[in-house]
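The values are calculated or read from the model by the stated rules, or taken from the named source; none is laboratory data. For clarity, every value in this text was computed on a predicted model and none was experimentally measured. Counting neighbours? That spans all protein chains shown, and the Cβs are built from the backbone with ideal geometry, glycine included. Side chains are part of the model used for accessible areas, which takes the heavy atoms of the whole protein and leaves out ligands, DNA and RNA. Shrake-Rupley method; radii C 1.70, N 1.55, O 1.52, S 1.80 Å.
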Amino acid sequence: MRSLVWFRRDLRVDDNTALSAAARNSDEGVVGVFLLSPAQWLEHDDAPCKIEFWLRSLEALRDDLNELNIPLLIRTAGRFDEAPEALLSVARETGCRALHFNREYEVNERRRDATCVEHLEAAGLSVQGFTDHVLLEPGEVLTQAGDFYSVFTPFQRRCAGLLRERGIEEAARPSRQDPIRLPESGAVLKSDTLPSVLEGFPRSGIDPGLWAGGEEEAHRRLERFLSQKVAGYEDGRDLPARDATSRLSPYLAAGVISPRRCLRAAVKANGGRLEGGHPGPEQWISELLWREFYQHILVGHPRVSMHRAFREETEAIEWNDDDEQFAAWCEGRTGYPLVDAAMRSLRTTGWMHNRLRMVTAMFLTKDLFLDWRRGEQHFMRHLVDGDLGSNNGGWQWAASTGTDAAPYFRIFNPVSQSRRYDPEGRFIREHLPELREVEGSAVHEPIAKAPLLAGGLDYPSPIVDHGKARERAIEAFKAIR
Ligand code: FAD
């Protein structure tokens, strides 16, 4: 039998569960397919820089598959509802009798997959989905009452227990197969070429060198992080001016590296332990489990995929709708330097440091009191690692509307955050050239603390008074309790 492997957010050969199973079960070879869905991706607010990264990673995947004589076909199914027919026609063209894919967990993706399974099975194909994008299948990690966890710490403990019991197994790499010949003509099936741009996605202008595509780069990052940075991760991970984190998020989000590969390497760096051990690797393992947690939430609480709050009572909040303040936040001109530097770094690099995602999200939802959904969408439209589970989880955490969310009365002071996490103002000066001449700690509050310079600075006064804004947010949350 010959099998079709449908690649989605698993753009790799290494430790790819569906690919490995297909290679094992198919005596007449494996064919790969990827469906470009630009209209659907636009609807999902996927960022141009992320699509560019996917295309670069697809190119690397195609080259890696070519080495194994596995052709990668590229087809277009503009929207997800075109996927079943597109897959069936590829299967017929190439003589494939089975379809293998790794599962995705967002609502639209799950609906698409259910329709594809139904359509292809009805046409006589055997179809199999696999757990791969996560360490454990959502639905396997449940409370004693049989519910999905809504708090991270017990979820983490349960995951660690299950992973210890089962081990962290990796999928075997497929071996080189004989070239695939087309059923009718007998011609050798070749991989398709990839488009360099897609309709609806303008060039992002972000340096492709920042996010090189392909698994070789992902493995290089993992190796460099574990050999040079993980020991200091616990202390350095909150300081955006330091390059102290792995910057693997785009690779994990697109499946250019597997979470098992990352976890196994981290456990090894932690002397074989999933919990306890050295604080650096232990903390990093915990971040991988945060990613896992938010994927499970997508399945346990699908309403978060549909723009709804996890904590339903917070739907009653009447958010501010000031478009000018929203624009100032997006463009990095709020008058709070750390917030502005972070927002400008997002535009120039397609990525933002975790501490700054927390600070900017808290600022939008508490200081400006704007709806978290607006911020979530803006992030999605600009992030190279945009991922519904983690992005929604992070936003609902900051807005105090989500699982394990920040308590509504614990509101970051953007100036204190700036003093604490960018004490020398290095990050601020890197991204806000107009503040490079401001000396010392005045950089955290230039208009208030460098008044003589202020007249000459091309930098705005704070658009909101933090103290008053904090009161307003607390009162609004109290009102819905
Ligand atoms: P490291 O510190 O090296 O961590 C390793 C990996 O663990 C990351 O690559 C990521 O996959 C995972 N991880 C780390 N922190 C978190 C976290 N808090 N939640 C979930 N997973 C985590 N992450 C995304 O991948 N995509 C998003 O769209 C996204 N949006 C976010 C929005 C907000 C408002 C917030 C507060 C966080 C968001 N995060 C998102 C989580 C986190 O900020 C990034 O994963 C992290 O900054 C990526 O950098 P890194 O790869 O160097 O992480």
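Side notes on the structure shown:
- If you plug the beta carbon distance of Ser461 and Asn354 into 1/(1 + (r/R0)^6) with R0 = 35 Å, you get a FRET efficiency near 0.80.
- Here Thr131 sits with roughly 40 square angstrom of accessible surface, probe radius 1.4 Å.
- Shown for the chain: lysine pairs separated by 8 or more places, or found on different chains, whose C-alpha atoms are under 25 Å apart, numbering 6.
- Cα-Cα separations in the chain greater than 31 Å, expressed as whole percent: 47 percent
- A Förster radius of 25 Å, combined with the Cβ-Cβ distance separating Gln228 from Glu430, puts the computed FRET efficiency at roughly 0.75.
- Using θ = phi - 60° and Karplus 6.51 cos²θ - 1.76 cosθ + 1.60, couplings along the range 12-22 (whole Hz; Gly, Pro as x): 7, 9, 5, 6, 9, 4, 5, 4, 5, 5, 4
- Computed about the Cα centre, the dipole magnitude for the range 410-472 is approximately 380 debye when only Lys and Arg (+1) and Asp and Glu (-1) carry charge, each at its Cβ.
- The local environment of Glu93, defined by Cβ-Cβ distances under 15 Å, has a net charge of +2 under the rule Lys, Arg +1 and Asp, Glu -1.
- Note on the range 378-481: dipole from Cβ charges, positive end direction compared against Ser461, Gly389, His431; the farthest Cα belongs to Gly389.
- Accessible area expressed per residue, the chain, with surrounding protein chains retained (probe 1.4 Å, Å²): 42 Å²
- Phi-based couplings in Hz for the range 391-405 (Karplus 6.51, -1.76, 1.60; Gly and Pro marked x): 5, 5, x, x, 5, 6, 5, 5, 7, 6, 10, x, 5, 6, 6
- Of the GluC sites (Glu not before Pro) found in the range 306-405, the ones in coil according to DSSP and having at most 15 other Cβ atoms within 10 Å of their Cβ are Glu318.
- Against the criterion of solvent-accessible heavy-atom surface with a 1.4 angstrom probe, Asp14, Asp321 sort, most first, into Asp321, Asp14.
- For the chain, averaging the sequence separation of C-alpha pairs within contact (under 8 Å, six or more residues apart) and dividing by the residue count gives a relative contact order of 18 percent.
- Difference of contour (0.36 nm per residue) and Cα-Cα distance, Met306 to Asn25: 97.4 nm
- Counting DSSP beta bridges with both ends in the chain, the antiparallel % (nearest 5): 15 percent
- Sum of -39500 (n - 2.57) over DSSP H runs of 4+, divided by residues of the chain (222 nm, nearest 500): -13500 deg cm²/dmol
- Here the accessible area is traced with a 1.4 Å probe on the protein chains. For the chain, carbon and sulfur cover 48 percent of it.
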